[in-house]
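What follows is calculated from the coordinates using simple rules that are stated; it is not laboratory data. Please read these numbers as outputs of a predicted model, since none were measured by experiment. So basically every Cβ, Gly included, is an ideal-geometry build from the backbone, and we count neighbours across all protein chains shown.
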Amino acid sequence: MPLTRRDAMKKLGKLGAMSALAMSPLARVASATPACHPFSIVLHGLFLLDVFADYIQISTPQVCGHTYFAGPFSKKITDYTPVTGFHDQRWDSRIYDPPDPGDMPVLLPKVGDPIHKNAFLSFLVPFPDKIHSFRTFDESEVDYPKDYIRAKKFPLVLALEYTYLPNLPPIENTSLDRNKNYHVFAESPSDMDCPTAIKHGTEAIKKLWQMLPHQPGSIPLPKNPNKCAKDPDPDAGSPCLTKYEEYGLSELLLEERTPGLSVHLPLCANFIVQ
């Protein structure tokens, strides 16, 4: 019997999920074993992951100052493709059960079904084998609406891990390289201090809340306003994700100008709907 969305949500709960939130002809790439196991879709910035019966819809709102890019990993921003719109293509799935969201924050059912038509960018992916969280804030470091969000951690970078290579790029009119992870950015390319980052993050999450029929009354914010960032994790469980792949747009730009400079990301987490 096919798995319904309600069944998928129940399964996520049983798994102990702790989760809160371009321009050339499409080139099809034949399925193949990636050179580095496994292949990952890496999300940078503010995304909402909505779990359906056999796929996940990933959406992000339009936020003033955000840049939206996607493509195979590169340290050069100019190698990525600008992206927008709704993309309903999906490659063949080999996973039939929803994944354990791991450390992601979960938006509880009371928020209602997300309104994806309000997104600036939205695309579909099959269930990954695993979900990895990087550059995480522990929930004890964050003030957040606990009546709407259940959380262990708040990740700044998320990797959806697959043991096989997709036969299509996740977003239309972008490229797919069998030897590289696929990155999607929805964030500001500007380097920010903590007061600026917190102000920007507040406005960004308000935009995400507008995609929900029943919005939380507040937003997640760091308890210590002087600690709004996390360093890259050398290895947080995904063997093919390098330190540089955890960098945001502002960090990649700084790395081009000043190699070796240690910089950080503002608090801008990914959320999943349960």
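Restricting attention to region 190-206, does a residue exist that is within 26 Å of LYS243 (Cα to Cα), acidic (Asp, Glu) and part of a strand (DSSP E or B)? No: region 190-206 contains no residue that is within 26 Å of LYS243 (Cα to Cα), acidic (Asp, Glu) and part of a strand (DSSP E or B). For region 57-95, a tally of residues being among the basic types (Lys, Arg) and closer than 22 Å to MET192 by Cβ returns 2. Being assigned to a loop (DSSP other than H, G, I, E, B) and either in contact with a Gly (Cβ under 9 Å, 6 or more places away or on another chain) or among the hydrophobic types (A, V, I, L, M, F, W, C) (or both) is the filter; apply it to region 103-119 and report the residue that is surrounded by the fewest Cβ atoms within 10 Å (Cβ to Cβ). Result: ILE115. Tallying residues that are assigned to a loop (DSSP other than H, G, I, E, B) and under 9 Å from ALA186 (Cα atoms) within region 35-61 yields 3. Of all the residues in region 192-217, those that are under 17 Å from PRO109 (Cα atoms) and either loosely packed, with under 15 Cβ neighbours inside 10 Å or in contact with a Cys (Cβ under 9 Å, 6 or more places away or on another chain) (or both) number 4. If you filter region 80-95 down to residues that are closer than 16 Å to ILE56 by Cα and of a type in the set (S, T, N, Q), you find that the one that is surrounded by the fewest Cβ atoms within 10 Å (Cβ to Cβ) is GLN89. Name the residue that is nearest to the chain's Cα centre (by Cα), counting only residues in region 138-172 that are in a strand (DSSP E or B), closer than 26 Å to SER188 by Cβ and of a type in the set (D, E, K, R). Checking each candidate, the answer is LYS153.
Looking only at residues in region 132-164 that are among the basic types (Lys, Arg) and under 27 Å from HIS214 (Cα atoms), the one that is surrounded by the most Cβ atoms within 10 Å (Cβ to Cβ) is LYS153.
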